[in-house]
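Visitor: Below are the structure tokens for one structure; questions will follow.
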Amino acid sequence: MTSSRRDFVRNLSLASAGLAIHPTMLNTPAKVNPTDRVKLAIIGTGFRGQSHLSLALRRSDVDIVAICDVDSEMLRLTNTILQKSGKPMPKVFTGGPYAYRDLLNTKGLDAVIIATPWEWHAPMVLDSLNAGLKYVATEVVLGITLQDHWDVVNAAEQHKANVMMLENVCYRRDVMAALNMVRQGLFGEILHLQGGYQHDLRSVKFNDGKPPYEHGVEFGEKAFSEARWRTNHSVHRNGDLYPTHGVGPLAMMVDINRGNRFLSLSSFATKTRGLHNYIVKNGVENHPNASVRFRLGDIITTHIHCANGETILLQHDTNNPRPYSLGFRVQGTNGLWMDVNKSVYIEGQSKANDEWDPEETWFTKYDHPLWQRYSKDAEGAGHGGMDFFVLNAFVEAIKRGVPTPQDVYDAATWSAITPLSEASIEAGFQPIPFPDFTHGNWMYRKNDFALTGEY
């Protein structure tokens, strides 16, 4: 076992040992005074941070008061965006990996968005909470180890603060129409769901050190953007590294943490071939990276069992040629939606027995009220408009002084699939019990996510 794997197993063991003594309390964020304008800071101005910045600058109710990054090129690109906006320039924090701590002391700051490499998310969330912020948003994922997730939950409870993971796929238009259909009983009682992250990331994990994509086979210090840090996770880890795009929307459909919970998971990994093959095919002869031994299985499959009897199947598939698909499937006693073939079948209501209807036939009729209200505002926003909705939800919650629609328990539960899947694979694909981050309160909480067209 490598030293990095020893560290992972040790951290997982420590986290598991702490579950029995965890306080049985539910995070009820402190009441925050409503505000008409949100003073927002952004930590991490890479391409994801720039996307959030651009959307925030479009709003009349948000002031960007501070930004932080260690990368001068990303700050230069961000400065161009700011200048074009005509908005006041924020204070810039840079110069070292902990410069963000000075940003957190900005007077009057309402909230922060964290858009940095994965390993920095949990430490930055914790520092933000310790600095007194009541609204903290982070890009996916929440943490690396299981202990990271418990630490964030504990801190959010201690400080009575809101931690929202910016899982944008919960707001994808077809996903929200399917959620609307689930809630109206069109599919009957839900039995089984599928989703995942099926996306060829080879040109994201490798480049030539210049702006991406499609060129070069470098990663780490010689690379640019995500290839500087993301690829190393494929070298050292073997599990579902990016589960939240698939599981987040499905969790909302079956009321996870709100009347239902995950009980256990089992994960399986295929052999590892894709990243090595890509280097050999696209690199110079005998490139040093051709000797790197990647641990991440090319396809990771995770099976989750829920307290109310549903099963969920997730797949992580990023190392080989394939078109993009999150592979959603929502199946109940009356019918199902299949994302891959863009089809719906409802017994007794579809046009013909045993034949699919085009999904737009149903999704036009059951278009979610949020999309009916905000579709024009979402035009031009990233990921087909989803990015508008997730930022809008965060900002509107801050303005009202109320809890965020996706909370710290969602963030921890969805993101913890990664270390749990690693543990299952490490243990020979054995089932792993799923921790209850709500301390039993999932039985009493109600699902109010996107119930209306408000935000």
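The values are calculated or read from the model by the stated rules, or taken from the named source; none is laboratory data. None of these values were measured; they are calculated from a predicted model. Here Cβ is always computed from backbone atoms with ideal geometry, including for glycine, and neighbour counts include all displayed protein chains. Side chains are part of the model used for accessible areas, which takes the heavy atoms of the whole protein and leaves out ligands, DNA and RNA. Shrake-Rupley method; radii C 1.70, N 1.55, O 1.52, S 1.80 Å.
Visitor: What number goes with the only condition from (1) over 24 Å from residue 115 (Cα atoms); (2) in a helix (DSSP H, G or I); (3) open to solvent by 10 Å² or more (accessible area, probe 1.4 Å) that residue 370 does not pass?
Guide: It fails just one condition, (3).
Visitor: Sort out for me the strands (runs of 3 or more DSSP E) sitting completely within region 135-250 that have 2 or more residues that are open to solvent by less than 30 Å² (accessible area, probe 1.4 Å) and under 25 Å from residue 266 (Cβ atoms).
Guide: Qualifying strands (runs of 3 or more DSSP E): 190-198.
Visitor: For region 317-345, enumerate the residues that are of a type in the set (Val, Ile, Thr) and crowded, with 19+ Cβ neighbours inside 10 Å.
Guide: Of everything in region 317-345, those that are of a type in the set (Val, Ile, Thr) and crowded, with 19+ Cβ neighbours inside 10 Å turn out to be 318, 330, 344.
Visitor: Considering only region 349-367, state which residues are in contact (Cβ under 8 Å) with a residue 12 or more places away in the chain, open to solvent by less than 100 Å² (accessible area, probe 1.4 Å) and part of a loop (DSSP other than H, G, I, E, B).
Guide: 350, 366, 367
Visitor: Looking at the structure I just gave you, is residue 92 touching a Gly at 6+ places or on another chain (Cβ under 8 Å), surrounded by fewer than 21 Cβ atoms within 10 Å (Cβ to Cβ) and either among the acidic types (Asp, Glu) or within 26 Å of residue 388 (Cβ to Cβ) (or both)?
Guide: no
Visitor: Taking only region 221-253 into account, find how many residues are more than 30 Å from residue 72 (Cα to Cα), among the hydrophobic types (A, V, I, L, M, F, W, C) and in contact with a helix residue (DSSP H, G or I) (Cβ under 8 Å, 6 or more places away or on another chain).
Guide: Final tally of qualifying residues: 4.
Visitor: Can we say residue 381 is free of Cβ contacts under 8 Å to residues at least 12 places away in the same chain and not in a helix (DSSP H, G or I)?
Guide: For residue 381, the condition - free of Cβ contacts under 8 Å to residues at least 12 places away in the same chain and not in a helix (DSSP H, G or I) - is not met.
Visitor: For residues that are in contact with a Ser or Thr (Cβ under 9 Å, 6 or more places away or on another chain), open to solvent by less than 60 Å² (accessible area, probe 1.4 Å) and touching a residue at least 40 places away in the same chain (Cβ under 8 Å), tally how many sit in region 293-316.
Guide: Counting residues in region 293-316 that are in contact with a Ser or Thr (Cβ under 9 Å, 6 or more places away or on another chain), open to solvent by less than 60 Å² (accessible area, probe 1.4 Å) and touching a residue at least 40 places away in the same chain (Cβ under 8 Å) gives 10.
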